[in-house]
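Values in this text are rule-based calculations from the coordinates and carry no lab data. On a predicted model such as this, the values are computed, not experimentally measured, just so you know.
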Amino acid sequence: MDSWLIIATIMMLFFLISIWMAAAKWAAKQWYLLSLLTMIGAVITYGVLQSPRPEPKPENAMFKSMTAEDLMAQLQVQLKENPNDAGLWFQLGQGYLLNKELDAALICFDYAIQLTEHPSSTQLAAKATALYYLGSQQMSGEVSLLLEQALQLEPYNEAALSLLANDHFISFRFQQAINTWTYLLDSNDPKLDREAVIRSIHQAKALMNTSTR
């Protein structure tokens, strides 16, 4: 679990770096796309880590030396043994999402949802994210519906709200982006990276002020 926490932390640090880069050339959407995928991936990773898991066995120590590719391969092996494990499908989809293999990620998230009696907000937000980027960052009806369902289950779902806020941001709807990020801060979630959200708000305010001059 420690290795996954390190990965999530690194991903979030990269998000902060990408925001700094965007400040230097804010119209370059590719930087913000990369930062958003990184942040959402970290959020999803953290959510998976918070779910109840069995006590680690001594032999699991070998996973600490595995690369991301090794972990993906291990998940695929486990899925061959237990193809109806929704959690494994979701984790595999998460890996594909972080690698920007969006078609594969969408397939995995679909399986995870189909195998879950009551899909979670995290699953729905993850599928929405994959669809959003497969659709060239278009907020389609299906993406909007998935996000709406996710937020009905969990009004302060960080992945869903982050996707909405960043869609507003790259579409130059800075006030809507600020409102969404501010709403996310109201959650008082101790796991939320408040510094990253506040930085995003400040950046949106600066760009909004620049565009009105």
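Computed from backbone phi, the HN-Hα couplings of the stretch 193-209 come to 7, 5, 4, 5, 5, 5, 4, 5, 4, 5, 5, 4, 5, 5, 5, 5, 5 Hz, rounded to whole numbers (Karplus: 6.51 cos²θ - 1.76 cosθ + 1.60, θ = phi - 60°; Gly and Pro given as x).
Computed from phi, the 3J(HN,Hα) profile of the stretch 145-150 under the Karplus parametrisation 6.51, -1.76, 1.60 (θ = phi - 60°) reads 5, 4, 5, 4, 5, 4 Hz, with x in place of Gly and Pro.
Could you give the distance between the Cα centres of the stretch 173-213 and the stretch 66-135, to the whole Å? Between the Cα centres of the stretch 173-213 and the stretch 66-135 lies a distance of 29 Å. Near the amide H of Met139, within less than 5 Å, lie no amide hydrogens of residues on another chain or at least 5 residues away, with H placed in the peptide plane.
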